[in-house]
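S.K.: Handing you this structure, nothing more for now.
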Amino acid sequence: MPPSLDPPRAPAGPRIPAQPTEPDRTTELTQPTEPDRTPELGELARAAATAAGSRLVPPAGRLTDVLPAPERVEPDPGADFVLPATAAVRVTADPAARDVAEQLAELLRPATGYPLPVTDATSPQPRGGIALVLDDGSNAGSGDDGSHDTDGGGSDSGGLGVEGYRLQVGTDGVRITAGTAAGLFHGVQTLRQLLPAAVDSPTPVAAAWVLPGGTIVDRPRFAHRAVMLDVARHFFDVPDVLRVIDHLARYKLNHLHLHLTDDQGWRIAVDSWPRLATVGGATEVGGGPGGHYTREDYRRIVGYAARRHVTVVPEIDLPGHTNAALTAYPELAPDRTAPPPYTGTEVGFSYVDPASERTYDFVAEVLGEVAALTPGRYLHIGGDEAYRVPAEAYRGFVERTQRIVTDLGRTVVGWHQIAPTGHVDGRVIQWWGTDGDDPGTVDAVRRGARLILSPANRAYLDMKYAPDTPIGHDWAGLIDLRRAYDWDPGTHLTGVPETAVLGLEAPLWTESVTTRTEIEFMLFPRLPALAELGWSPRSHHDWDGFRTRLAGHGPRWTLAGITFHRSPEVPWPGVPAPRSPLADPPPRHRTGAAPG
Ligand code: TNX
């Protein structure tokens, strides 16, 4: 029996084993086994020498290898910089910028073993170290700001927008300039990728920490770049969610949508309706114990995300997908009878009574408490698959709920089933269709809505990669890496102009996903593909370039303990390329009878 390599939470015998540091090159689904023999001393010495040699001279990353692809890259091969052990991180005296600098130092200390003190500097210069500079716009960049930024809350910094940055590597150091702490944070993610892959090692590595010389000027194409985690079908505890936030931050995604409630479980404590969490939260798909976030848990998630410039978008799915709420409070049910807890995976059977005033007390109090815990502007009200609610009652319910959200000073988000209902200021519709024609959504856009695109046959992370993917669905088709990458959010929905597209989101529904390892397996490598669609200029879209750049991230993920699908579409280092059926036609001279 091989040793278990799973993170502590994983149950025994998971379907996707966590990956060891040395990747299994045969199949991603077979638990790798240790060779059944003791290596000789000489062999060990040779292995150590090889490892040391390859670590002392790591290949310098290339400025053009960053993922998502930056807007502008100007390599300067003569200007590589080697981070010295004495380097400091110097930062503008601003609390948010300082926090980004602290995070950079925290990211680099484990692998480098360097102390990397963070020091204040009013106008830091790169003197053999790293400088993070908040700039008011006079020197940070140039040109028009073409990105669809809508979030405000920061100076424009000479065309870099509210999330852009400029990164300069010269022989005397590294300098990241931005108008906002968010921009500095994204610049830091780029800096990580420019260092050798060993930077992801959790323990010190003896390496020359080389950064390729040159300049990157970068900002996002779309303001909203998100992942959704369904914590209702299966519950995931706080550390699992924090780790997902780390993954978002690495690829410059800026919103985490938490699907907090569904038929199988209610996952957030609400003081005014306490049984929602204690009763409604005590189940999950398959009959496990479920769970819920206390207010403190939720605050911790929101705070951890905020520090990484990720905004949490909480979803309370209404009026359907509410079986768990009805088990806790039968007064909300159309027949005032508590249904049994639901642990299956069907949808569309449950709803809160749209004709009862008590339902609106519930909606207002729940959304009020969730809004009070959530600093972000968005409240997601679901609205999908309420198949048993008649159209007029559905419209009345959604319109009243939208008003409750706007009265709370928040912006409504809903799945595209809400499109035919009345518009409210700022309303955002999340489109999850599978064909690019949807007159109802186009009409809602005409009436003022903006869109988050989550086409189920492109962006749904719960779809299988291939027929043999051990978990996931296929109702929207199989989504291999290329399918996830090869579409354009700016033109995807016929009749919707790019200016109405706020951005995109990749949802991970978890009917079949039960552990952190399985979450990561479905996220990687598709998450970086969707991140690039959200961030990079369309003119940089390039499948071959993307998969080549992505390949270099495999070793980083392995070092970071991230489980990923070894997509055959990617030339992962160390794995021989599969022989192309085109380059290698079937032999013409077969033995046996010719057809016909
Ligand atoms: C559709 S997409 C759903 C979810 C399921 C998902 C499974 C949407 C708004 N509703 O309830 O979990 O399919 O892929």
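To keep it simple, each residue is scored yes or no on (1) open to solvent by 40 Å² or more (accessible area, probe 1.4 Å); (2) more than 16 Å from the ligand (Cβ to nearest atom).
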| site | (1), (2) |
| --- | --- |
| Gly281 | no, yes |
| Val285 | no, no |
| Gly288 | no, yes |
| Asp297 | yes, yes |
| Arg300 | yes, yes |
| Tyr304 | yes, yes |
| Arg307 | yes, yes |
| Val312 | no, yes |
| Pro334 | yes, yes |
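S.K.: State whether one or more residues within segment 68-79 are buried (at least 16 other Cβ atoms within 10 Å of the Cβ), closer than 17 Å to Phe185 by Cα and touching a strand residue (DSSP E or B) at 6+ places or on another chain (Cβ under 8 Å).
M.R.: yes
S.K.: What tally of residues in segment 370-398 results from selecting those that are away from the ligand (no atom under 16 Å from the Cβ) and open to solvent by 30 Å² or more (accessible area, probe 1.4 Å)?
M.R.: Of the residues in segment 370-398, 9 are away from the ligand (no atom under 16 Å from the Cβ) and open to solvent by 30 Å² or more (accessible area, probe 1.4 Å).
S.K.: Another one. Just for segment 458-480: of the residues that are of a type outside the set (Asp, Glu), open to solvent by less than 10 Å² (accessible area, probe 1.4 Å) and near the ligand (Cβ under 9 Å from one of its atoms), which one is farthest from the chain's Cα centre (by Cα)?
M.R.: Met463
S.K.: Anything in segment 456-480 that is among the basic types (Lys, Arg) and outside any helix (DSSP H, G or I)? List them, or say none.
M.R.: As a first pass, look at segment 456-480 and keep what is among the basic types (Lys, Arg): 458, 464.
Scanning segment 456-480 gives a single hit, Lys464.
S.K.: Identify the single condition in (1) under 20 Å from Thr261 (Cβ atoms); (2) in a helix (DSSP H, G or I); (3) in contact with a strand residue (DSSP E or B) (Cβ under 6 Å, 6 or more places away or on another chain) that Asp361 does not satisfy, given that it satisfies every other one.
M.R.: Condition (3) is where Asp361 drops out.
S.K.: Something else about it: Every residue in segment 485-515 that is within 15 Å of the ligand (Cβ to nearest atom) and under 17 Å from the mean Cα position of the chain (by Cα), please.
M.R.: Within segment 485-515, the first condition is being within 15 Å of the ligand (Cβ to nearest atom), and the residues that meet it are 504-514.
Leu504, Glu505, Ala506, Pro507, Leu508, Trp509, Thr510, Val513, listed by residue number.
S.K.: Related question: Quick test of your reading of the structure: Asp317 fulfils all but one of (1) surrounded by 15 or more Cβ atoms within 10 Å (Cβ to Cβ); (2) more than 17 Å from Gln402 (Cα to Cα). Name the failing condition by number.
M.R.: Among (1) surrounded by 15 or more Cβ atoms within 10 Å (Cβ to Cβ); (2) more than 17 Å from Gln402 (Cα to Cα), the lone unmet condition for Asp317 is (2).
S.K.: So, one more: Looking for something part of a loop (DSSP other than H, G, I, E, B), within 17 Å of Asp317 (Cβ to Cβ) and not basic (Lys, Arg) - is there at least one such residue anywhere in segment 420-428?
M.R.: Yes, segment 420-428 contains at least one residue that is part of a loop (DSSP other than H, G, I, E, B), within 17 Å of Asp317 (Cβ to Cβ) and not basic (Lys, Arg).
S.K.: Can you find, within segment 399-419, the residue that is most open to solvent (accessible area, probe 1.4 Å) among those that are assigned to a loop (DSSP other than H, G, I, E, B) and either on the phi > 0 side of the Ramachandran plot or within 16 Å of the ligand (Cβ to nearest atom) (or both)?
M.R.: First pass over segment 399-419, keeping only residues assigned to a loop (DSSP other than H, G, I, E, B): 408-410, 419.
Pick out the ones that are also either on the phi > 0 side of the Ramachandran plot or within 16 Å of the ligand (Cβ to nearest atom) (or both) and you get 409, 419.
Working: Gly409: 63, Ala419: 2 Å².
Within segment 399-419, the match that is most open to solvent (accessible area, probe 1.4 Å) is Gly409.
S.K.: Another one. Could you please tell me which pairs satisfy a Cβ distance under 6 Å, a separation of 6+ or placement on different chains, a first residue in segment 418-431 that is among the aliphatic types (A, V, I, L, M), and a second residue that is open to solvent by 10 Å² or more (accessible area, probe 1.4 Å) and more than 13 Å from the ligand (Cβ to nearest atom)?
M.R.: Ala419/Gly440; Val424/Thr406; Val428/Arg450
S.K.: Please work out if Gly433 is modelled with pLDDT of 95 or more, more than 22 Å from Asp317 (Cα to Cα) and either within 14 Å of the ligand (Cβ to nearest atom) or assigned to a loop (DSSP other than H, G, I, E, B) (or both). Break it down stepwise before answering.
M.R.: Values: modelled with pLDDT of 95 or more: yes; more than 22 Å from Asp317 (Cα to Cα): no; either within 14 Å of the ligand (Cβ to nearest atom) or assigned to a loop (DSSP other than H, G, I, E, B) (or both): yes.
So Gly433 fails the test.
S.K.: Give Val205, Val210 a once-over and let me know the one that is out of contact with any helix residue (DSSP H, G or I) (no Cβ under 8 Å at 6 or more places or on another chain), over 30 Å from Gly348 (Cβ atoms), more than 16 Å from the ligand (Cβ to nearest atom) and touching a residue at least 40 places away in the same chain (Cβ under 8 Å). Spell out how you get there, then give the answer.
M.R.: On the way: Val205 fails: out of contact with any helix residue (DSSP H, G or I) (no Cβ under 8 Å at 6 or more places or on another chain).
Going through Val205, Val210 in turn, just one is out of contact with any helix residue (DSSP H, G or I) (no Cβ under 8 Å at 6 or more places or on another chain), over 30 Å from Gly348 (Cβ atoms), more than 16 Å from the ligand (Cβ to nearest atom) and touching a residue at least 40 places away in the same chain (Cβ under 8 Å): Val210.
S.K.: Return the pair list, or none, for Cβ contacts closer than 6 Å from residues in segment 222-234 that are closer than 13 Å to Val313 by Cα to residues that are open to solvent by 10 Å² or more (accessible area, probe 1.4 Å) and within 14 Å of the ligand (Cβ to nearest atom), at least 6 apart or on different chains.
M.R.: What qualifies is Asp230/Trp509.
S.K.: List, please: which pairs have Cβ atoms under 8 Å, are six or more places apart or on different chains, and start with a residue in segment 445-461 that is at negative phi and end with one that is within 13 Å of the ligand (Cβ to nearest atom) and of a type in the set (D, E, K, R)?
M.R.: From segment 445-461, the pairs are Ile452/Glu505; Leu453/Glu505; Ser454/Glu505; Ala459/Glu505.
S.K.: Are any of the residues in segment 441-455 within 12 Å of the ligand (Cβ to nearest atom), part of a loop (DSSP other than H, G, I, E, B) and either more than 21 Å from the chain's Cα centre (by Cα) or under 25 Å from Leu256 (Cβ atoms) (or both)?
M.R.: yes
S.K.: Residues that are within 30 Å of Gly170 (Cα to Cα): find the helices (runs of 4 or more DSSP H) completely inside segment 212-315 holding 1 or more of those. Let's see the steps before the verdict.
M.R.: Details: elements: 238-250, 275-278, 295-307.
By residue number, 238-250, 295-307.
S.K.: A further question follows. Has segment 371-383 got at least one residue that is free of Cβ contacts under 8 Å to residues at least 40 places away in the same chain, closer than 30 Å to Leu451 by Cα and more than 27 Å from the chain's Cα centre (by Cα)?
M.R.: no
S.K.: Taking the criterion of being under 20 Å from the mean Cα position of the chain (by Cα), of a type outside the set (Val, Ile, Thr) and closer than 18 Å to Glu520 by Cα, would at least one residue in segment 314-324 satisfy it?
M.R.: Among the residues of segment 314-324, not one is under 20 Å from the mean Cα position of the chain (by Cα), of a type outside the set (Val, Ile, Thr) and closer than 18 Å to Glu520 by Cα, which makes the answer no.
S.K.: Here is a follow-up. Could you please find all residues in segment 272-296 being among the charged types (D, E, K, R) and more than 16 Å from Leu229 (Cα to Cα)? Steps first, please.
M.R.: Start the filter on segment 272-296 by keeping residues that are among the charged types (D, E, K, R), which leaves 275, 284, 295-296.
Across segment 272-296, the qualifying residues are Arg275, Arg295, Glu296.
S.K.: Give Leu184, Leu211, Leu229 a once-over and let me know the one that is under 24 Å from Gly78 (Cβ atoms) and open to solvent by less than 10 Å² (accessible area, probe 1.4 Å). Steps first, please.
M.R.: Numbers: Leu184 fails: under 24 Å from Gly78 (Cβ atoms); Leu229 fails: under 24 Å from Gly78 (Cβ atoms).
Going through Leu184, Leu211, Leu229 in turn, just one is under 24 Å from Gly78 (Cβ atoms) and open to solvent by less than 10 Å² (accessible area, probe 1.4 Å): Leu211.
The values are calculated or read from the model by the stated rules, or taken from the named source; none is laboratory data. Note that the structure is a prediction, hence the values are computed from the model and not measured. Quick reminder, even Gly has a Cβ in these numbers, built from the backbone with ideal geometry, and neighbours come from all protein chains shown. Accessible surface is based on the protein model in full, side chains and every heavy atom, while ligands, DNA and RNA are left aside. Shrake-Rupley method; radii C 1.70, N 1.55, O 1.52, S 1.80 Å.
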